[in-house]
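Just so it is clear, none of the values below were taken in a lab; they were calculated from the coordinates. From a predicted model like this one, the values you see are computed outputs, not experimental measurements. FYI the Cβ positions are ideal-geometry reconstructions off the backbone, even for glycines, and counts take in every protein chain you see.
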Amino acid sequence: MAKRDRRVLIAGGGIGGLAAAIALGRGGIETSVLERSSFTEETGAGIQLGPNATRALATLGILEAIEPFAFMPEAICIH
């Protein structure tokens, strides 16, 4: 099967699903993303992205697009 004939169905339109769709699309693979929720607006919850996730988003070239909406803590305290 040629690479251009591959199609992937991704279940979930969260960070992981959308990142997978971007990466696969850049590799020439057609993707469809299915999301159960019909809500696309803010729900009032925050999302914490660790260093590895931040590097992955930077590799995909989308980190700069979300940085204006991000809060970067100077430190974290774990008890």
Next item on the list: Per DSSP H run of at least 4 residues, take -39500 (n - 2.57); add these up for the chain, divide by its residues and hand me the 222 nm value, nearest 500 deg cm²/dmol.
Entry: -9000 deg cm²/dmol
Next item on the list: Just grab the label-to-label distance for Ala53 and Ile22, each label 7 Å out from Cα along the Cβ direction, in nm (one decimal).
Entry: 1.3
Note to self: Taking 0.36 nm per residue of sequence separation and subtracting the Cα-Cα distance, how much length would be gained by fully extending the chain between Ile76 and Arg36, in nm to one decimal?
What the structure shows: 11.0 nm
Margin query: Tell me the angle of helix 51-60 to the major Cα principal axis of the chain, expressed in degrees between 0 and 90 and rounded to the nearest ten.
Written below: 40
Notebook entry, point to check: In degrees from 0 to 90, rounded to the nearest 10, what is the angle of the helix 15-26 Cα long axis to the longest principal axis of the chain?
Noted result: 40
Item checked: Kirkwood Rh, angstrom, the chain [1 / mean 1/r, Cα pairs] -> 14.8
